[in-house]
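> Sharing a structure, written as structure tokens. Questions coming.
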Amino acid sequence: MDISVVVPLYNEEESLPELEAWIRRVMDREGFSYEIIFVNDGSTDRSMEVIRRLAQENPHVRAVSFARNYGKSPALNTGFARAQGDVVITMDADLQDSPDEIPELYRMITEDGYDLVSGWKKKRYDPLSKTIPTKLFNATARRVSGIHNLHDFNCGLKAYRQAVVKHIEVYGDMHRYIPYLAKNAGYKRIGEKVVHHQARKYGVSKFGLDRFVNGYLDLGTLWFQSKFGIKPMHMFGLLGSLMFLIGFIAVVTVLIMKIVAMNSATFHFYLTKSVYFYLSLAAMIMGVQFFCTGFIGEMITRNAPERNSYLIAEEI
Ligand code: UDP
Ligand code: MG
């Protein structure tokens, strides 16, 4: 099979028939063998009834339906597990992404050799409250991830070589950082294609402003995982040692004070008024805590199923 189109959706009943017809038109015109996998993320409208009808009319339509709303990442992960096409294309259900982009995305994966091609909504039809924070978000994501050529990490329209979607695990809200996940998994050929974007035709956006806060937290998590995921002690040990050093210097300073101010009344005054006394206490306690966190991290890592899985590029 050439292409699997994975479509996560939550309450998009109005858009689905148009989307399916449009994808079908493109696929038939280009002669691709394909499947459309609708992942219904616990919609409370009639989306599932619409999908059932579409599946009756078009044998290329498949669907998975969650019992409740889990989020876009779980929906994508579930679609990825089922995808059979050589190239897997994800697309939002709200008609903001255009199926006309599919042939070129397919070509970039199969001929140009990309592992992943992300859409770039260069001209975006979304409210300013969304486009401005998104610019900042993408700039940060570029820096942290080291994927400098991407302008639009969270574009719903993306294409993947099948192996990529089978090797990455999209969970939580990590769909925003799939290129980063792919890079961490060892897929380096990450490209971008400018795509047409349209204003939402039906319904409303399913994401609020909280996504920016969560987005930054997730970026921190991914950064930590990629740097220290299987060696947490390298971070916590360093922090612990630094804290200990600060504590040690502070203790020595306090001791010198005692020697210099032999008079014990003066020393007591120095001790409780001295910043070094409190610094040594705080720094040493924090140091021990960092070390303990590191050891716990190492023990968890020791049992992580992923600790020894590597993507092999070549073997002779
Ligand atoms: N979506 C989903 N589960 C959710 C929220 C959204 O499957 O919990 C789907 C939604 O139906 C759409 C896609 O994810 O197909 C992108 O969502 P939306 O268009 O609301 O995001 P925006 O374009 O506003 O960023
Ligand atoms: Mg949308």
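The values are calculated or read from the model by the stated rules, or taken from the named source; none is laboratory data. Note that the structure is predicted; figures quoted are calculated from it, not measured. Note: ideal-geometry Cβ built from the backbone for every residue, glycine included; neighbour counts use all protein chains shown. Only protein heavy atoms, including side chains, enter the accessible area calculation; ligands, DNA and RNA are left aside. Shrake-Rupley method; radii C 1.70, N 1.55, O 1.52, S 1.80 Å.
> Taking Lys201 as meeting all but one of (1) in contact (Cβ under 8 Å) with a residue 24 or more places away in the chain; (2) away from ligand 1 (no atom under 16 Å from the Cβ); (3) open to solvent by 70 Å² or more (accessible area, probe 1.4 Å), write down the number of the exception.
(2)
> Right, Phe295: closer than 30 Å to Asp173 by Cα and open to solvent by 40 Å² or more (accessible area, probe 1.4 Å) or not?
The answer is yes for Phe295.
Every residue, every condition in (1) among the hydrophobic types (A, V, I, L, M, F, W, C); (2) away from ligand 1 (no atom under 11 Å from the Cβ); (3) at pLDDT below 95, yes or no:
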position: Asp2; (1), (2), (3): no, yes, no
position: Arg24; (1), (2), (3): no, yes, no
position: Met48; (1), (2), (3): yes, yes, no
position: Ala55; (1), (2), (3): yes, yes, no
position: Pro74; (1), (2), (3): no, no, no
position: Asn77; (1), (2), (3): no, yes, no
position: Gln84; (1), (2), (3): no, yes, no
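> Which residue, of Asp2, Asp28, is in contact (Cβ under 8 Å) with a residue 40 or more places away in the chain, under 25 Å from Leu105 (Cα atoms) and of a type outside the set (S, T, N, Q)?
Going through Asp2, Asp28 in turn, the sole match is Asp2.
> Now, a different point. I need the full set of residues from the range 89-138 which are away from ligand 1 (no atom under 16 Å from the Cβ), open to solvent by 50 Å² or more (accessible area, probe 1.4 Å) and closer than 23 Å to Leu19 by Cβ, in order please.
Once the filter is applied, which keeps residues that are away from ligand 1 (no atom under 16 Å from the Cβ), open to solvent by 50 Å² or more (accessible area, probe 1.4 Å) and closer than 23 Å to Leu19 by Cβ, the range 89-138 yields Asp100, Glu104, Arg107.
> Return the residue satisfying two criteria in turn: it lies in the range 19-75 and is among the basic types (Lys, Arg) and outside any helix (DSSP H, G or I), and of such residues it is nearest to Ser98 (Cα to Cα).
This residue is Arg62.
> Looking only at residues that are of a type outside the set (D, E, K, R) and open to solvent by 50 Å² or more (accessible area, probe 1.4 Å) in the range 67-88, which one is farthest from Asn214 (Cα to Cα)?
Among those residues, the one meeting the criterion is Gln84.
> Got a sec? Which of Gly208, Gly215, Gly186 is open to solvent by less than 70 Å² (accessible area, probe 1.4 Å), more than 16 Å from ligand 1 (Cβ to nearest atom) and of a type in the set (Gly, Ala, Ser)?
Every option except Gly186 fails the conditions.
> If you scan the range 162-173, which residues turn out to be more than 16 Å from ligand 2 (Cβ to nearest atom) and either surrounded by fewer than 21 Cβ atoms within 10 Å (Cβ to Cβ) or at pLDDT below 95 (or both)?
Scanning the range 162-173 gives Gln162, Ala163, Lys166, His167, Glu169, Tyr171, Gly172.
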